[in-house]
Ligand SMILES: [Fe+2]
Ligand SMILES: [Fe+2]
């Protein structure tokens with residue numbers, strides 16, 4: 001089976017480029033399972049219920065997020081659904097290693113119309129990020145409860161070392177470990193020895209004439225002066241970054257990984 005993962009969609013430029021490229025990428029690669037990281041989809045900061053609906057309408061099975069999940073408070077209620085639900089609000093994830101009691105869930109297990117079971121896990125790193133529980137042990141704990149063989153982890157983290165390390169930690173136990181958050185795609189996609197597809201960062205789906213999505217002038221001003229200022233999403237040079245993982249639906253082991261960066 002084929003899994004397509006779309007990296008952090010940033011603002012309206014990101015949403016438009018995904019809209020433009022996603023249908024033909026899904027069709028030409030016979031994608032069975034589609035996952036989109038939407039943490040920056042609403043003006044660069046967070047995601048709203050209507051944007052989540054837009055992604056589900058585009059065919060996303062699961063939306064993952066990260067540290068920007070709480071930026072738009074309308075999403076809290078949307079995610080506040082019972083554990084047994086398979087509705088859309090249940091299929092937008094926040095990192096599973098956030099404090100107990102925060103809205104939503106960090107893992108979703110479902111089945112495709114073919115009957116193929118799958119699970120998606122969202123975790124956040126701890127190096128150069130705000131504090132959260134240990135993502136390595138949280139992954140171990142979640143894997144004990146998951147019965148699906150096809151399992152994808154969106155590891156939302158800053159440090160390359162931590163992202164590479166969790167790939168080795170989970171090699172042979174999940175189908176894919178794909179990194180998000182740094183917004184720059186890495187050229188290290190590979191299949192680890194025990195069959196887990198790994199890439200340190202899938203890259204942003206958004207405007208690359210920017211500083212990781214933000215208008216370059218505004219980001220530069222902050223670097224040059226240290227003064228606070230409002231960040232605005234950029235528009236120029238949009239690209240869709242996504243990674244395609246081919247795997248055996250029976251064993252969950254990956255056999256191929258390919259990255260895409262598609263522009264105008
Ligand atoms: Fe992001
Ligand atoms: Fe992030």
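What follows draws every value from the coordinates through simple rules; no lab data is involved. Note that this is a predicted model, so its numbers are computed, not measured. Every residue, glycine among them, receives a Cβ derived from its backbone with ideal geometry; neighbour counts consider all protein chains shown.
Miscellaneous remarks
- Number of positions in the range 219-236 that are more than 24 Å from the chain's Cα centre (by Cα) and either closer than 18 Å to residue 13 by Cβ or surrounded by 21 or more Cβ atoms within 10 Å (Cβ to Cβ) (or both): 1
- Residues that are assigned to a loop (DSSP other than H, G, I, E, B) and touching a residue at least 12 places away in the same chain (Cβ under 8 Å) within the range 204-227 comprise 204, 208, 209, 210, 212, 213, 215, listed in sequence order.
- In the range 237-262, the qualifying residues are those that are over 30 Å from residue 116 (Cα atoms) and touching a residue at least 40 places away in the same chain (Cβ under 8 Å), and the one that is nearest to the chain's Cα centre (by Cα) is 239.
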